[in-house]
Structures are given as C-alpha cells and as structure tokens.
Amino acid sequence: MPFKLENAMDNLMDVFNYYATRDGDKFSLSRSELKGLLRGELCHYLEASRDPRMVDEIMCDLDKNMDGKVNFEEFVGLVTRLTVAMQMKTAFTEAKKISYSYRT
Ligand SMILES: [Ca+2]
C-alpha cells in the first residue's frame with residue numbers, strides 16, 4: 001500500500017535537494033536555484049514563476065531570516081501556502097459546480 005503523504009514528503013525533500021545542490025551551499029537555494037525550481041516545478045501552480053521580475057519578490061518574501069538564500073523551512077512555507085491556495089481553489093470550483101447543478 002502506498003504511503004502517499006510520506007511519498008509527498010520524500011518528493012518535497014528530493015525537489016529541494018535537487019535544486020539546492022546546483023551550486024555551492026547544498027542546504028539552501030540561491031536566487032538562481034530558486035528561479036530554476038520555480039520554473040521547473042511550479043509553472044502551473046504559480047503563474048508568477050514565469051516572470052523573471054517576480055523571482056526577486058518571491059525570494060524576498062520567502063527569505064524570513066534575511067540571509068539572501070531560501071532554506072528548506074522557508075521553501076516549505078511556499079509549498080504550504082500554495083497547497084492551501086490550490087485546495088481552496090478546488091473547493092471553490094466544486095462548490096460552484098454543486099451550486100450550478102441545483103440551478104439546472
Ligand atoms: Ca533564508
């Protein structure tokens with residue numbers, strides 16, 4: 001039986017490690033590593049990931065300890081917020097479908 005949540009956690013760590021080990025410090029994402037991760041992994045869920053000007057803004061937003069890098073904890077904050085937003089969007093879409101089906 002697959003353990004979906006554990007698999008999701010493993011995937012989260014794998015994705016972070018894949019991009020974080022591209023240059024220097026393997027425990028955090030530099031600006032260019034974050035840019036690669038946003039473009040490579042979040043282009044459908046985060047429209048701003050396609051706009052190079054937004055990378056700096058996203059970086060500043062994520063970099064809570066203000067060291068100019070995004071560590072795993074800061075990265076997970078982004079994933080958490082996006083996951084909640086996607087869940088809410090899905091729930092809203094489903095509610096609209098139900099509401100529409102009552103009207104017809
Ligand atoms: Ca940081």
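Just so it is clear, none of the values below were taken in a lab; they were calculated from the coordinates. From a predicted model like this one, the values you see are computed outputs, not experimental measurements. Positions of Cβ are generated from backbone atoms using ideal geometry, with glycine treated the same way; all protein chains shown enter the neighbour counts.
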In this structure, is Met66 within 11 Å of the ligand (Cβ to nearest atom), assigned to a helix (DSSP H, G or I) and not hydroxyl-bearing (Ser, Thr, Tyr)? no
Condition test on Lys35, is it out of contact with any helix residue (DSSP H, G or I) (no Cβ under 8 Å at 6 or more places or on another chain) and surrounded by 12 or more Cβ atoms within 10 Å (Cβ to Cβ)? no
Going through region 39-69 in order, the residues found to be out of contact with any strand residue (DSSP E or B) (no Cβ under 9 Å at 6 or more places or on another chain) and among the polar types (S, T, N, Q) are Ser49
Would you check which residues across region 19-38 are in contact with a strand residue (DSSP E or B) (Cβ under 6 Å, 6 or more places away or on another chain) and over 18 Å from Gly77 (Cα atoms) and list them? none
Contact list, first residue from region 11-36 and in contact (Cβ under 8 Å) with a residue 40 or more places away in the chain and within 21 Å of Arg50 (Cβ to Cβ), second anywhere and of a type in the set (Ser, Thr, Tyr) and surrounded by 15 or more Cβ atoms within 10 Å (Cβ to Cβ), beta-carbon distance below 7 Å, six or more apart or interchain, is Leu29/Tyr19
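Rundown of residues vs (1) over 17 Å from Tyr19 (Cβ atoms); (2) more than 14 Å from the ligand (Cβ to nearest atom), yes/no style:
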| site | (1), (2) |
| --- | --- |
| Gly36 | no, yes |
| Gly40 | no, yes |
| Cys43 | no, yes |
| Leu46 | no, yes |
| Asp61 | yes, no |
| Phe72 | no, no |
| Phe75 | no, no |
Identify all residues within region 55-104 that are over 19 Å from the mean Cα position of the chain (by Cα) and surrounded by 13 or more Cβ atoms within 10 Å (Cβ to Cβ); write none if there are none. none
Given the criterion among the aromatic types (Phe, Trp, Tyr), out of contact with any helix residue (DSSP H, G or I) (no Cβ under 7 Å at 6 or more places or on another chain) and surrounded by 13 or more Cβ atoms within 10 Å (Cβ to Cβ), identify the matching residue among Tyr18, Tyr45. Tyr18
